[in-house]
Protein chains: 2
Amino acid sequence: MTLVELAKILKVSPATVSRAMTRPDLVAPATRERILAYVHKSGYRTNAIARSLRKGRTQTVGVVVADLQNPFYSALVKSIEHTLSQQGFSCVVCDADESQDKEQASLRLLAELQVTGIIYAFSGSNLTELRQLGLDGIPIVEIDRASGTEGADTVLLDNAAGTTLAVEHLVALGHRRIALISGPRNLTTGAERLQGFQSAMRAAGLDGSAQVEFGDFRENSGYLAARRLMASPQPPTAVVVANNEMMAGALSALREGGYSIPHDVSLVSFDDVRWARYVEPPLTVVSQPVTAMGEAAANLMLERLGGRVESSARLFSPTLIQRESSAPPRAPAAAGAKPHE
Amino acid sequence: MTLVELAKILKVSPATVSRAMTRPDLVAPATRERILAYVHKSGYRTNAIARSLRKGRTQTVGVVVADLQNPFYSALVKSIEHTLSQQGFSCVVCDADESQDKEQASLRLLAELQVTGIIYAFSGSNLTELRQLGLDGIPIVEIDRASGTEGADTVLLDNAAGTTLAVEHLVALGHRRIALISGPRNLTTGAERLQGFQSAMRAAGLDGSAQVEFGDFRENSGYLAARRLMASPQPPTAVVVANNEMMAGALSALREGGYSIPHDVSLVSFDDVRWARYVEPPLTVVSQPVTAMGEAAANLMLERLGGRVESSARLFSPTLIQRESSAPPRAPAAAGAKPHE
DNA sequence: TTGTAAGCGTTATCAA
DNA sequence: TTGATAACGCTTACAA
């Protein structure tokens, strides 16, 4: 059923039917009621494709995240979808799978779909290409990870504050040999968490470069990094892990190695995902206000679409949630002390 | 940049440009190369909206799930998106939030968007309305939960086999007082898991109706159900939980109540989500082949769009993964025995 | 092999 | 207040 057919049946012009639905005030009450009644009865639904072509814009927002299965991102997407759908927007969700190729392909597809805006968590694509992808002129909200795209709104965590919180907590417990399992340096979440770690270590009079292992924010890289750390001549007494996926891997590695947590090694990770509190021991984590961040991203997008021109940046603060994976080191770890030697 | 502008610059007709991109074989090699070279250089991207309007169909599939944050569904969505995006399809993802209203609204939106098909996990909407939503004629693949919509393809788990597996495992361990935290009976996953539980109990000579508590597949209902069970005059020695969200709630309740697992009560739940193996104790679960199910759903959709007419049903089998949350009951639970009395 | 022209279902402009 | 008409950007008969 199309609008023209509807008009024919009702013996009015298509324009009138269209107006009755979108600008009811412009239509005489009697006509309006008659039209709306029939529209309702017939189950007619506007063809959004035709409308979009005519209006030159869609009611669709592209959402690109690095990994849909990471509970942090799925919570983010849920929150974004919830906020946008209430305003009549649909979300085309793309999973970049932490891969730049997939991210590029996704952005290309979104450009073709003429999405009215994009909310995305950068996975490393070459930014200059972004504009060439046909995405010029549409609002972009970057979430979690910034790409540096100019003009984009951002919804970010104060990442350095997050690792600082973690380090200070561990130092207060008496740890000196603190390691970091970091994310990639080309992502802001990787670089900033690393930087926060190192400056907090220096502030505590410790060497922040000594024990840093790099992963790719995926489970397996956390596993490997933890193994490397524990195999080193002076294994750390505490490890900070830069995201929840790598933490899962690190946990496996430590269990496999027979280490008791927090007895042999303390652990602090990012993201207060569901399982963090059910795990044994319950994890001390740096928590992000993920629902609020998703809402903020969606609202920034809505504001932009509503006409805001100047770009806006929202920075959220992490909080430390102390649980049982962090405790004082087994023996006072005097700097340079080498047990078993 | 539109196709017409492109044509003007290249001094060919729009039709030729279109053909060069979509049916290259119909264009003379020289013209074709000249066109494609410039298309590439200019960064021109087809306007999918215009194309869809003209062709009468989109390359967009609607995906509706009950709860994006439930790791089972996010894994499903990831798998679906992965498979479909490789074929050039986009996914509009909607979170029904276990609510029929939201589900209806989502389906309405998808109808307007002219999605070319819908993959969805039913949340209880009135089926007859589905057709009136303007969704008639497009392929529907139901996943996880069936609504009974005729003509729809289905990708389902053998749910009854799942609870049967759980009950048989617990009976073999010596349990007699086995309870179920069930999902809602109006969802097939709720009804079938309940039915499998009851028939397996009867097969073991036990009363399957005695201890069944109903939840809504969300965390809090699992918490409440577990509390009710443990407060009963004869608390169960083992509990089967019908999904992972309610399991999280049940776990909280049991820990709060000071019960030791599996010493005081054994636990078996559904869905081998990430945290099931990191939790203390690691959970015995009925596992679904979630990635394969997502792929199957996406492939059924692609086949349908490719022309298959007869409907197709894929049934997947659950497997039991034994971990440490299930063990023999503390004392041999002779039927009718009432310790402490 | 290429061009012309119609049309997909809306909405905006203008005229009545 | 309503209607006629053009246009959004593309694809596809059909014609040349």
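The values are calculated or read from the model by the stated rules, or taken from the named source; none is laboratory data. Predicted model only: the values in this text are computed from it and were never measured. Glycine also receives a Cβ, built like all others from the backbone with ideal geometry; neighbour counts cover every protein chain displayed.
Things worth noting here:
- Output for the range B:14-37, where each listed residue is more than 7 Å from DNA strand C (Cβ to nearest atom) and over 16 Å from B:ARG51 (Cβ atoms): B:PRO24, B:ASP25, B:PRO29, B:GLU33, B:ARG34, B:ILE35, B:LEU36, B:ALA37
- Restricting B:VAL239, B:VAL285 to residues that are under 24 Å from the mean Cα position of the chain (by Cα), among the β-branched types (Val, Ile, Thr) and within 30 Å of B:GLU81 (Cβ to Cβ) narrows the list to B:VAL285.
- Residue match in the range A:94-110 (condition: surrounded by 15 or more Cβ atoms within 10 Å (Cβ to Cβ), of a type in the set (Lys, Arg), farther than 25 Å from B:ARG108 by Cα and more than 16 Å from DNA strand D (Cβ to nearest atom)): yes
- Residue match in the range B:81-88 (condition: in contact with a strand residue (DSSP E or B) (Cβ under 8 Å, 6 or more places away or on another chain), at the interface with chain A (Cβ under 9 Å from one of its Cβ atoms) and closer than 19 Å to A:GLN59 by Cα): no
- Filter pass, A:LYS11 being exposed (fewer than 15 other Cβ atoms within 10 Å of the Cβ), more than 12 Å from DNA strand C (Cβ to nearest atom) and more than 14 Å from every other protein chain (Cβ to nearest Cβ): yes
- The range A:154-181, residues that are under 17 Å from the mean Cα position of the chain (by Cα) and surrounded by 24 or more Cβ atoms within 10 Å (Cβ to Cβ): A:VAL155, A:LEU157, A:ASN159, A:GLY162
- The single residue among B:ARG176, B:ARG193, B:ARG145 that is in contact with a Phe, Trp or Tyr (Cβ under 9 Å, 6 or more places away or on another chain), assigned to a loop (DSSP other than H, G, I, E, B) and touching a residue at least 40 places away in the same chain (Cβ under 8 Å) turns out to be B:ARG145.
- Checking each residue in the range B:57-67 for being at pLDDT 95 or above and facing chain A (nearest Cβ under 9 Å) picks out B:THR58, B:GLN59, B:THR60, B:GLY62, B:VAL63.
- Looking across the range A:17-32 at every residue that is surrounded by 17 or more Cβ atoms within 10 Å (Cβ to Cβ) and near DNA strand D (Cβ under 7 Å from one of its atoms), the one that is nearest to the chain's Cα centre (by Cα) is identified as A:ARG19.
- Unmet requirement for B:LEU109, which otherwise passes all of (1) more than 13 Å from every other protein chain (Cβ to nearest Cβ); (2) out of contact with any Pro (no Cβ under 9 Å at 6 or more places or on another chain): (1)
- Those residues of the range A:141-198 which are within 17 Å of A:VAL285 (Cβ to Cβ) and of a type in the set (Ser, Thr, Tyr), in sequence order: A:THR163, A:THR164, A:SER182, A:THR189
- Where B:HIS40 falls short, out of the listed (1) farther than 20 Å from A:ALA105 by Cβ; (2) away from DNA strand C (no atom under 16 Å from the Cβ): (1)
- Selection count, the range A:182-195, where residues are among the hydroxyl-bearing types (Ser, Thr, Tyr) and surrounded by fewer than 24 Cβ atoms within 10 Å (Cβ to Cβ): 1
- Residue satisfying condition, being among the small types (Gly, Ala, Ser) and on the phi > 0 side of the Ramachandran plot, within set B:GLY174, B:GLY215, B:GLY196: B:GLY174
- Test: residue in the range B:138-157 that is within 14 Å of another protein chain (Cβ to nearest Cβ) and either over 30 Å from B:GLN322 (Cβ atoms) or at pLDDT 80 or above (or both): yes
- One residue from A:SER52, A:SER99, A:SER74 being within 7 Å of chain B (Cβ to nearest Cβ), of a type outside the set (A, V, I, L, M, F, W, C) and either within 16 Å of DNA strand C (Cβ to nearest atom) or touching a residue at least 12 places away in the same chain (Cβ under 8 Å) (or both): A:SER52
- Counting only residues that are of a type in the set (A, V, I, L, M), away from DNA strand D (no atom under 11 Å from the Cβ) and under 25 Å from A:VAL92 (Cβ atoms), the range B:33-60 holds 0 of them.
- Among the residues of the range A:215-242, the one identified as in contact with a strand residue (DSSP E or B) (Cβ under 7 Å, 6 or more places away or on another chain) and more than 20 Å from A:GLU256 (Cα to Cα) is A:ALA242.
- The residues of the range B:196-230 that are under 17 Å from B:VAL171 (Cβ atoms), surrounded by fewer than 17 Cβ atoms within 10 Å (Cβ to Cβ) and not hydrophobic (A, V, I, L, M, F, W, C), listed by number, are B:SER199, B:ARG202, B:GLY205, B:ASP207, B:SER209.
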